[in-house]
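Here is the structure we will look at.
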Amino acid sequence: MGKTAEAIAEGVSIACAAARLAVRNHILVETIAHDEAFDLARVAPFAHDTLVALAVEQEEAADLAKRQRKKAWGKFTDPDGTHDYRDRDTRNLRKRYKQYVGVAKELRRIAEDPHAVRTLVEQARDAAWGDVEANLERRLNVEGMRPDLDPDYERLRAARMQSLRLVDLPRLAAHRRRAAEAEEGADGDPVDATPSPRVAGIDVSELDA
């Protein structure tokens, strides 16, 4: 029973983590995508239904394990596959059945406990706000960074210049050639396809300096 209880506790923990993730995503969609104010009373029913849905999944798994155990009873031939159970598997299938039932029972208990549902919603809300805060902080760091404040500016400058020479300038030259060929084909007058000496404010002639 000790091992069964531990398995049930672990299963409940995993299911609750999945429920928090689903509630967190629901909060993000409702409050950000749909521009709605957070309301615990509106989110709680969703959390309740999520827990019940997870309990139903466990109950369905328990029913499957029960059917598999009955089917395996008295079979002593070699199995044809991974899920082709035999009499020697009935003990493990019985344990699985008890574990699934135990997890489902606990999830239903949590779903009917207003305090537990409220706690789950609050944890999901904190996780959602944490995601928003992290995204805003990353965006501000990128958009507000100045060269003199970026500790990696000098270290990455050489790589940026190399990327400009090897990727951006050849791509620009190819684009200008195609444009020149199209224009020449239209009116018969040749067009200079030489890249501009300055790209994005950088003097191309000084890149190797």
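The values are calculated or read from the model by the stated rules, or taken from the named source; none is laboratory data. What you are looking at is a predicted structure, and each value in this text was computed from that prediction instead of being measured. Positions of Cβ are generated from backbone atoms using ideal geometry, with glycine treated the same way; all protein chains shown enter the neighbour counts. Please note that ligands, DNA and RNA were not included when accessible areas were found on the heavy atoms of the full protein model with its side chains. Shrake-Rupley method; radii C 1.70, N 1.55, O 1.52, S 1.80 Å.
The residue list Arg24, Arg88, Arg20 contains one member that is in contact with an Asp or Glu (Cβ under 8 Å, 6 or more places away or on another chain), basic (Lys, Arg) and either open to solvent by 30 Å² or more (accessible area, probe 1.4 Å) or closer than 24 Å to Ala116 by Cα (or both), which is Arg24. Leu54 passes every criterion in (1) in contact with a Leu (Cβ under 6 Å, 6 or more places away or on another chain); (2) in contact (Cβ under 8 Å) with a residue 60 or more places away in the chain apart from (2).
Anything in the range 106-116 that is open to solvent by 10 Å² or more (accessible area, probe 1.4 Å) and aliphatic (A, V, I, L, M)? List them, or say none. Walk me through how you get there before you give the answer.
Going through the range 106-116, the residues open to solvent by 10 Å² or more (accessible area, probe 1.4 Å) turn out to be 106, 108-110, 112-116.
Within the range 106-116, Ile110, Ala116 qualify.
Annotation note: of Asp152, Asp148, the sole residue that is of a type in the set (D, E, K, R), open to solvent by 80 Å² or more (accessible area, probe 1.4 Å) and either modelled with pLDDT under 85 or closer than 30 Å to Ile27 by Cβ (or both) is Asp148.
Selection of the range 31-52 for residues being closer than 13 Å to Trp129 by Cα, open to solvent by 30 Å² or more (accessible area, probe 1.4 Å) and in a helix (DSSP H, G or I) yields only Ile32.
All conditions in (1) over 14 Å from Gln99 (Cα atoms); (2) of a type in the set (Ser, Thr, Tyr); (3) in contact with a helix residue (DSSP H, G or I) (Cβ under 9 Å, 6 or more places away or on another chain) hold for Thr77, with the sole exception of (3).
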